[in-house]
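Take a look at the structure set out below.
Bear in mind that the values in this text are calculations on the coordinates, not laboratory data. Computed from a predicted model, the values in this text were never measured in an experiment. Cβ placement follows ideal geometry from the backbone for every residue including glycine, while neighbour counts extend to all protein chains displayed.
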Amino acid sequence: MICRNIRTTSAAPRDRNFFLNLINNAAALTQLNQAHAQLIINGLHNDLITVTKLTHKLSDLNAIHQASLLCSTFPKPDLFLFNVLIRGFSRNSSPSSAILLYTHIRRNTRLKPDNFTYAFAISASSGLSNEGTGLLLHAHSILDGFGSDVFVGSAVVDSYLKFSRVGLARKVFDGMLERDTVLWNTMISGLVRNCCFSESIQVFGDMVSMGTQFDSTTLAAVLPAVAELQELRVGMEIQSLAWKLTTEATFNVSEGEQRIALLSLAKQAHEV
C-alpha cells in the first residue's frame, strides 16, 4: 500500500500532511528513501516540519548517519530538529556524536538548549567510557535552570547509576521537587543494578507511601532485589500485584485495592 502511494505522489498536490503520513507509515528504509525522493520532487525537502519527521523516522530505523547527513544540509535547523538528532545518536549507540552536536548548538548557534536537549545529551553521555561529560552536562543543565526538571532528573539519575555513583544519584533524586513514575523506576532499577537491594526496596516503599502511580515496570524492577534478599512473602505479593496489573481490564482490580495492598507492602519493605 505504501509503495502504491509513493508511485502516484508525483502528480499529487504539495500536501504536507500526506507526506508526513507517508513517512510515518514507512516500515523499512527503502520505503523511507522513496518517500524522501518524493519530498524533493514535490519541493518539501526544505520544509522544517517534514524534514524533522523524516529525521526522527530515519533514526528509529537505525539510519542515524543518513539522518545526520539530512540535517547537515538543511539551511536553518531549529532546536527541535537538533533534539531529534541528539536523541537518535543516543539511541543508536553514537554517544560521541550526540555530545558533539550538543557542543555545536552551544558554540555555533544562537539556540539555547532546553530540557529535552539536556535529557537526550545526558542519556548519551552514559554510553561514554568516563563520567566527566555527564557531570559537566548536569552542571550546564542546572546553570540553564533545568535542575528541577523531572525529565532531566531521570536522565541524570540514570547516568550516575550507570557509573555506580549511587550517592550522587540519590542526592539528585532526593532533591527533585517532582518525581514521576519514570524517575522512581529509574532509581529503583539502578539501585538493583548496583546491588543495593535493601535500599531499592525501601525506595519502592517510599514510592507507594507517597501515592505515586506504579506500573508493571516498577514491580519488575524491584522483584530481583526481593529475590536476592529472599523476602519470599514480599516477593509473592509483588508478583500477585504484577499479575493483577496485566489482567486489570478483565478482573477490574480497582486502584483502591491496589493501593491498600501496596501500602501494606511498603510497611514490610521498610522492615527489610
(request) Starting with the highest mean, order 106-119, 41-54 by the number of other Cβ atoms within 10 Å, averaged over the residues of each peptide. (result) 41-54, 106-119
(message) Return the Rg/Rh ratio of segment 119-206 with Cα-based radii and a Kirkwood Rh.
(response) 0.95
(request) Show me 175-185, 66-76, 218-228 ranked by packing, highest mean number of other Cβ atoms within 10 Å first. (result) 218-228, 175-185, 66-76
(request) Note the full-extension length gain between residue 215 and residue 37 as 0.36 nm times their separation in residues minus their Cα-Cα distance, in nm to one decimal. (result) 59.8 nm
(message) Using alpha carbons only, how many angstrom separate the centre of segment 197-216 from the centre of segment 35-59?
(response) 44 Å
(request) Could you work out the relative contact order of segment 77-178, using alpha carbon pairs under 8 angstrom and six or more residues apart, expressed as a whole percent? (result) 23 percent
(message) Viscosity 0.692 mPa s, temperature 37 °C: what is the translational diffusion coefficient of segment 77-178 from Stokes-Einstein with a Kirkwood Rh over Cα pairs, rounded to a whole number of µm²/s?
(response) 246 µm²/s
